[in-house]
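Notes to accompany the following structure.
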Protein chains: 2
Amino acid sequence: MTTKETDKPIRVALLGCGVVGTQVARLIAAQATDLTARVGAPVELVGIAVRRLSAPRDPSVPVELFTTDAEGLVTREDVDVVVEVIGGIEPARTLILAALGAGASVVTANKALLAEDGATLFAAAEAADRDLYYEAAVAGAIPILRPLRESLAGDKVTRVLGIVNGTTNFILDKMDTSGAGFTEALEEAQALGYAEADPTADVEGFDAAAKAAILASLAFHTRVTAADVYREGIAEVTASDVASARAMGCVVKLLAICALEEGPDGTAVSARVHPAMIPTSHPLASVRGAYNAVFVESEAAGQLMFYGPGAGGAPTASAVLGDLVTVARNRLSEVRGAGESAYADLPILAMGSTQTRYHVQIDVDDKAGVLAAVALAFAEHDVSIQTVRQEGRGDDAQLVVVSHTASDADLAACVEAIRRMAFVRDVSSVMRVEGEQE
Amino acid sequence: MTTKETDKPIRVALLGCGVVGTQVARLIAAQATDLTARVGAPVELVGIAVRRLSAPRDPSVPVELFTTDAEGLVTREDVDVVVEVIGGIEPARTLILAALGAGASVVTANKALLAEDGATLFAAAEAADRDLYYEAAVAGAIPILRPLRESLAGDKVTRVLGIVNGTTNFILDKMDTSGAGFTEALEEAQALGYAEADPTADVEGFDAAAKAAILASLAFHTRVTAADVYREGIAEVTASDVASARAMGCVVKLLAICALEEGPDGTAVSARVHPAMIPTSHPLASVRGAYNAVFVESEAAGQLMFYGPGAGGAPTASAVLGDLVTVARNRLSEVRGAGESAYADLPILAMGSTQTRYHVQIDVDDKAGVLAAVALAFAEHDVSIQTVRQEGRGDDAQLVVVSHTASDADLAACVEAIRRMAFVRDVSSVMRVEGEQE
């Protein structure tokens, strides 16, 4: 029942045959009959670019399609769609640009490249009048980019809150459920294959920041790069932070937060990645282990949430194949889908101007007047206090303060001032609080 | 940055100006600048068909566009897109067919019509080479149809479990949190405007069954009508059922369940709506109040969930506007999106052949051998028992049995046999159990 049907296959070149590429190749074969019906033409894999022909492969991989000449493959005249799952900036960028230049449409899962230099890729797709689709770049199998780009195209998205990195979510979840410290939880994640030997990209928030840039660009129809995203990782999160969160009915999550905010020069985009406490009643709080979820607020639709596996070969391949079907259908109809939508062209709000809330735990000398002095310091920095709790006595005396919303700069300055007070032994925990109505 | 841009507006006719129509008209005006940028052309509302010109209206509604001549409006030569939010079978069907026949694309929120006679509408859209989009027909603002139709087009969906009726979810949630009975909870829902004066369509599961038919058709690329969907409402759910669910770590939800199952004649579609117990750990269990959520299982992507407001004027209008942008873009590019995909042409599995699990609560005489006799009855009906619990003594003696998966017919026959046993005073609760791994 599709508009156009043909026996002439849509010919696909695959770049990369690692965990995701293997599953893409497998699905193209396993789903052949369905793909033909859904696209309106057979989908044929015609070549797979790999770095080493001799690396061990899953027996299902059609090794006879292997080539080490990626550039030659993407510029083959008979290739309709190039699927890029190599990752990283180069050679992925050069190959994608070459593919578009040669007239192929492109499906990619490359968040790092899109977040660093999406503008170059979108311009090349525009110039070539070809599609560039990338659902798999954010939150694995979870359909989030298509909903933002299409389903919410008639609405005004105001905020996107996401758990978009499974490794850090696994670690924080482990710390929450077992009381483990960061190092211990990281080691367990590594042993189980949820974290890499060099966990920097995940743990320091680089991966989440790339995804935040992509989400913010789509949600607000503007251009946000990874460099625009404020970033803090989870390496400094302590077992005491997690316990403290729990005591106030919260859990600690690494959040990617993109929002429209009123800044000093009008509406601007705030994009940031950092650990934050969210109430256990918030839908994101129950996202466990290596799962991802993205929470979207828009003016008309209200609050939506999208949940699912955020990584893994088969889930990511599912997202790639969904794009492949759309792109292949577009090829048959000789059209292309929506390109980059960046007309809103909004400024990026500096982190200091972003409105946040802080949870601050202060180890203090146990004497009269301390609470009053701390409260005064908050007031002097234009930060309103929501709650303050005194805990412990003597050497264990603590003040736990949760602020109302204020600018991040005022909050940070307030914490610094408190840190210098004579009766303050230590500011033992500072963390932002999100996801709560005031 | 869109492919085509023009000053010539996309002209929209709106059928219906109730709760949803008012919001559609409002959003078209409020989002005018953004719509122009996202579509590539201005979107202009040119007429609104209403039954009575004099009915009271929101002041934002452009009453100068009102007409009572709906047929004349949809066949106007200058109308590009008709948005139908009247609901019901007639005159909606006649008007949609007339609109398509006159060359307009159609966006509709009409679940009842699509579930009863979608085939006629799809065939008309196909013949006219025009779009028929209907994201708003299922689960309000939640983008679920586009993900099923496009994002998962390269995957094999095996199961869809949804809470797709906010009224019944509000009632069941109220029964769970307050211990209220069905009647009391329904009255509260009516007082708060969550249930209509005649609650039949919601409470008896007709609304959910229509949505199940639409979900099953899209998920499995086949044709399922409302008449194919097995349906039980929630009017028989008692406070005791809810308490019983709670005792076994479950909550009661009205679920729409669509699955691929192996039936006597090969793969078939099972589509059903009934109350069921699901474990509190299941992502659907925490869907509260009038919210909706749809849980999707597919071979490659694994488990996905989509969550948000399932009804209401503004959320439903958001979904309508998302479709409107896509359809308008397609008009500009002179293409249409994917039509009906029903190539799999699967049979419908009879409810009796569907694999389910039962929770059965049996009031019994308190004497030796009762448990053994009940266990034997299950065995004789080819139903394996997962757990059996004896509760109370004397006049309060009860057996609570949870079965493993068996055919619904065997389970029902087993319950009937038990009901007739001499020592059984009553089978006080029978409910299906879903969402749990065995």
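The values are calculated or read from the model by the stated rules, or taken from the named source; none is laboratory data. Quick caveat: nothing in here was measured; it's all calculated off a predicted structure. When we count neighbours, we look across all protein chains shown, and the Cβ atoms used for this are built from the backbone with ideal geometry, even at glycine.
Worth pointing out:
- Just one of the listed residues (A:Leu161, A:Leu192, A:Leu121, A:Leu132) is within 15 Å of the chain's Cα centre (by Cα) and either surrounded by fewer than 24 Cβ atoms within 10 Å (Cβ to Cβ) or hydrophobic (A, V, I, L, M, F, W, C) (or both), and it is A:Leu161.
- Here B:Ser54 clears all of (1) within 14 Å of chain A (Cβ to nearest Cβ); (2) farther than 18 Å from B:Asp323 by Cβ; (3) of a type in the set (Ser, Thr, Tyr) except the condition numbered (1).
- Just one of the numbered conditions (1) hydrophobic (A, V, I, L, M, F, W, C); (2) in contact with a strand residue (DSSP E or B) (Cβ under 7 Å, 6 or more places away or on another chain); (3) buried (at least 22 other Cβ atoms within 10 Å of the Cβ) is not true of A:Ala319: (2).
- Test: A:Ala373 is of a type in the set (Gly, Ala, Ser) and either within 14 Å of another protein chain (Cβ to nearest Cβ) or outside any helix (DSSP H, G or I) (or both): no
- Test: residue in the range B:300-315 that is in contact (Cβ under 8 Å) with a residue 24 or more places away in the chain, surrounded by fewer than 24 Cβ atoms within 10 Å (Cβ to Cβ) and within 24 Å of A:Ala290 (Cα to Cα): no
- Residue count, the range B:279-333 (criterion: of a type in the set (D, E, K, R) and either at pLDDT below 90 or closer than 23 Å to B:Ala213 by Cα (or both)): 4
- Some residue of the range B:148-157 being outside any loop (DSSP other than H, G, I, E, B) and more than 14 Å from chain A (Cβ to nearest Cβ): no
- Qualifying residue in the range B:86-96 (condition: in contact (Cβ under 8 Å) with a residue 40 or more places away in the chain and touching a Ser or Thr at 6+ places or on another chain (Cβ under 7 Å)): no
- Residue that is farthest from A:Gly313 (Cα to Cα) [pool: residues in the range A:84-109 that are of a type in the set (Gly, Ala, Ser) and under 22 Å from the mean Cα position of the chain (by Cα)]: A:Ala92
- Of residues in the range B:335-369 being β-branched (Val, Ile, Thr) and in contact with a Lys or Arg (Cβ under 7 Å, 6 or more places away or on another chain), the one farthest from B:Glu135 (Cα to Cα): B:Val364
- The range B:395-438: number of residues that are more than 10 Å from B:Asp363 (Cβ to Cβ) and not in a loop (DSSP other than H, G, I, E, B): 22
- Just one residue in the set A:Ala137, A:Ala197, A:Ala191, A:Ala201 is in contact (Cβ under 8 Å) with a residue 12 or more places away in the chain and aliphatic (A, V, I, L, M); that residue is A:Ala137.
- Note on the range A:240-269: residues that are at pLDDT below 95 and in contact with a Gly (Cβ under 7 Å, 6 or more places away or on another chain) amount to 0.
- Elements of type strands (runs of 3 or more DSSP E) contained in the range A:260-356, each with 2 or more residues being away from chain B (no Cβ under 12 Å) and β-branched (Val, Ile, Thr): A:266-279
- Test: residue in the range A:339-353 that is over 21 Å from A:Ser270 (Cα atoms) and at pLDDT 95 or above: no
- For first residues located in the range B:50-70 and outside any loop (DSSP other than H, G, I, E, B), partners that are modelled with pLDDT under 95 and lie 6+ apart or on another chain with Cβ distances below 7 Å form the pairs B:Val63/B:Arg57; B:Phe66/B:Leu53.
- Within the range B:1-40, the set of residues being part of a loop (DSSP other than H, G, I, E, B) and either within 12 Å of chain A (Cβ to nearest Cβ) or touching a helix residue (DSSP H, G or I) at 6+ places or on another chain (Cβ under 6 Å) (or both) comprises B:Met1, B:Thr2, B:Thr3, B:Lys4, B:Glu5, B:Gln31, B:Gly40.
To keep it simple, each residue is scored yes or no on (1) in contact with a helix residue (DSSP H, G or I) (Cβ under 9 Å, 6 or more places away or on another chain); (2) of a type in the set (Phe, Trp, Tyr); (3) more than 11 Å from chain B (Cβ to nearest Cβ); (4) within 30 Å of A:Asp241 (Cβ to Cβ).
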site: A:Arg76; (1), (2), (3), (4): no, no, yes, no
site: A:Ala92; (1), (2), (3), (4): yes, no, yes, no
site: A:Tyr133; (1), (2), (3), (4): yes, yes, no, no
site: A:Gly162; (1), (2), (3), (4): yes, no, yes, yes
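- Considering each residue of the range B:338-360 in turn, none proves to be outside the structural domain of B:Phe122 (by TED's automatic domain parsing), out of contact with any Ser or Thr (no Cβ under 9 Å at 6 or more places or on another chain) and either under 22 Å from B:Asp241 (Cβ atoms) or crowded, with 19+ Cβ neighbours inside 10 Å (or both).
- Scanning the range B:410-426 for residues that are crowded, with 18+ Cβ neighbours inside 10 Å and in contact with a strand residue (DSSP E or B) (Cβ under 7 Å, 6 or more places away or on another chain) turns up B:Leu411, B:Val415, B:Ile418, B:Val424.
- Every residue from the range A:256-268 that is within 18 Å of A:Lys211 (Cβ to Cβ) and either of a type outside the set (A, V, I, L, M) or buried (at least 24 other Cβ atoms within 10 Å of the Cβ) (or both): A:Ala256, A:Ile257, A:Cys258
- Which listed residue is in contact with an Asp or Glu (Cβ under 9 Å, 6 or more places away or on another chain), more than 30 Å from B:Val81 (Cα to Cα) and outside any loop (DSSP other than H, G, I, E, B), from B:Asp382, B:Asp363: B:Asp363
- The residues listed here are B:Leu121, B:Leu148; of these, the one that is free of Cβ contacts under 8 Å to residues at least 40 places away in the same chain and touching a Leu at 6+ places or on another chain (Cβ under 7 Å) is B:Leu121.
- Residues (acidic (Asp, Glu) and at positive phi) located in the range B:96-137: B:Asp129
- Answer from B:Ala210, B:Ala216 - the residue that is crowded, with 16+ Cβ neighbours inside 10 Å and in contact with a helix residue (DSSP H, G or I) (Cβ under 7 Å, 6 or more places away or on another chain): B:Ala210
- Taken over the range B:263-305, residues that are under 19 Å from B:Arg149 (Cβ atoms) and either among the basic types (Lys, Arg) or assigned by TED's automatic domain parsing to the domain that holds B:Leu14 (or both) amount to 0.
- The set of residues in the range B:36-52 being closer than 20 Å to B:Thr75 by Cβ and out of contact with any Pro (no Cβ under 8 Å at 6 or more places or on another chain) consists of B:Val46, B:Gly47, B:Ala49, B:Val50, B:Arg51.
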